[in-house]
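First the structure, in the form of structure tokens, and then the observations on it.
We did not get these values from a lab; they are worked out from the coordinates using the rules stated. Computed from a predicted structure; not experimentally measured. Every residue, glycine as well, gets a Cβ built from its backbone with ideal geometry; the counts of neighbours run over all protein chains shown.
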Amino acid sequence: MSAKQLVRLAIGLGVLLLLWGAAALIRDRESGSAGGGFALPRLARGDVDSVRIVRTSDTTLLARRDSSTWTVNGLPAAAGAPEELLTALTDTALAAELVAERSASHAGLGIDSASGTRVRVAGEESLLADLIVGQRTPDLTGGYLRRAGDSAVYLVRGRLTELLSRTPDDWRDRKIARVAPDSVARIEVRRGSRSYALRRRERGWALGARAPADSAAVADMLAALRQVDASGFATPAQADSAGFSPADRRTTLLQADGTALLVLAFDSTAGGFWVRADSGATVYRVDSFTADRLAPAESSVRASSR
């Protein structure tokens with residue numbers, strides 16, 4: 001290769017480098033004008049009073065009741081769930097990548113006005129964040145997000161998109177009851193027309209007046225009653241149609257002085273049971289396995305004669 005050809009080659013490479021640099025500069029300027037990089041304001045927990053999540057199928061309003069408790073659509077929220085969301089909102093500032101700048105790409109990412117989830121984080125007197133959230137990434141490690149009114153879309157790593165895909169019921173407190181086993185002196189169970197009672201003795205439990213009970217079966221029942229959680233909730237229509245008078249099953253826990261600790265009423269359904277505690281009007285759903293632990297058949301708690 002001659003010296004003249006080498007000079008021409010060097011000039012050509014220089015021109016290409018200049019063009020590449022100019023294109024990169026233009027991209028950077030366009031990215032800056034489109035969004036300037038994504039970062040939420042640092043959200044102090046005490047500053048957030050509510051988070052409204054509007055999806056195409058439902059709306060969830062998480063509202064602070066006091067310093068430690070929240071409601072979801074006016075009902076008790078699960079302990080710690082709103083705090084998880086606040087943490088995820090804060091963490092989005094740590095890892096965000098610009099992936100699209102034109103509104104034409106919004107539909108494909110599930111972040112357009114028709115399919116995106118609108119999220120408004122509010123303080124006592126101001127709107128702290130207004131976002132549109134789209135689909136999760138294929139590897140489920142993040143999702144797509146943009147500011148309301150801005151076409152720039154960011155890939156945000158973390159749990160934010162996952163949490164915002166929850167239904168209103170997913171945010172609700174599923175706690176039905178908590179009973180300390182040592183506080184129970186008597187258990188009364190009715191299943192249909194048949195009923196029986198378990199009585200705590202100095203050593204073990206008795207079934208009826210004198211017959212010994214299966215200590216392992218009673219221990220399992222008390223373990224289930226220590227923490228009774230629902231698998232879901234009845235809709236208003238389902239709650240209205242649930243039959244608790246008389247209930248298909250009923251479990252009553254009593255203290256030594258005869259004071260009732262808890263009464264659970266059950267109504268059977270095709271996929272499990274509706275259950276309601278005497279202390280509240282909420283109708284919960286539990287599966288058949290759980291219902292059988294909370295209100296077992298008499299034969300399962302009777303001590304073996306062998």
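Give, as a single signed number, the net charge of other residues whose beta carbon lies under 10 Å from the beta carbon of Val189, with Lys and Arg counted +1 and Asp and Glu -1. The partial results should precede the final answer.
Numbers: positive: Arg190, Arg191, Arg194, Arg249, Arg250; negative: Glu188, Glu298.
With Lys, Arg at +1 and Asp, Glu at -1, the neighbours total +3.
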Spin-label point model (7 Å from Cα, Cβ direction): what's the Val99 to Ala114 distance in nm? 2.0 nm
Which whole-angstrom value gives the distance between the alpha carbon centres of the stretch 70-119 and the stretch 137-156? 9 Å
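Tell me, what is the FRET efficiency for Thr59 and Arg226 to the nearest 0.05, using R0 = 25 angstrom and their Cβ-Cβ distance as r? Intermediate values should be presented prior to the final figure.
Numbers: r = 35 Å, r/R0 = 1.40.
For Thr59 and Arg226, the calculated efficiency is 0.10.
Report the charge-dipole magnitude of the stretch 45-171 in Debye, nearest 20, computed about the Cα centre from +1 at each Lys and Arg Cβ and -1 at each Asp and Glu Cβ.
Working: 14 positive and 18 negative charges, 45 e Å.
With Lys and Arg at +1 and Asp and Glu at -1, about 220 debye.
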Debye, to nearest 20: dipole size of the stretch 175-301, +1 on Lys, Arg Cβ, -1 on Asp, Glu Cβ: 300 debye
Given a Förster radius of 25 Å and the C-beta distance between Ser300 and Gln255 as r, what FRET efficiency does 1/(1 + (r/R0)^6) yield to the nearest 0.05? 0.55
Cβ-defined net charge surrounding Gln238, 14 Å radius [Lys, Arg +1; Asp, Glu -1]: -1
Can you work out the Karplus-derived ³J(HN,Hα) for every residue in the stretch 227-243? Use 6.51 cos²θ - 1.76 cosθ + 1.60 with θ = phi - 60°, whole Hz, and x for glycine or proline. 9, 9, 10, 8, 8, x, 9, 6, 6, x, 5, 5, 5, 5, 8, 5, x
Extension gain Ala219-Asp278, at 0.36 nm per residue separation less the Cα-Cα distance, in nm? 18.9 nm
One point scatterer per Cα, no solvent, Debye formula: log10 I(q)/I(0) for the stretch 175-301 at q = 0.09 Å⁻¹ comes out as -0.24
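Enter the per residue convex hull volume of the stretch 107-252, computed from alpha-carbon coordinates, in Å³ rounded to the nearest integer.
Details: hull volume 31.5 nm³, N = 146.
It comes to 216 Å³ per residue, whole-number rounded.
Count charges around His106 for me, please; just the other residues with Cβ under 15 Å from its Cβ, Lys/Arg as +1, Asp/Glu as -1. Please list the in-between numbers first.
On the way: positive: Arg102, Arg118, Arg146, Arg147; negative: Glu101, Asp112, Asp150.
Summing Lys and Arg as +1 and Asp and Glu as -1 gives +1.
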What nm distance separates the two modelled labels at Asp139 and Ser288, each placed 7 Å from Cα along Cα→Cβ? 4.3 nm
What Rg and what Dmax come out for the stretch 45-171 when only alpha-carbon atoms are used, in angstroms? 14.1, 43
In debye, nearest 20, what is the charge dipole magnitude of the stretch 125-170 about its Cα centre with +1 on Lys and Arg Cβ and -1 on Asp and Glu Cβ, if you could check? 200 debye
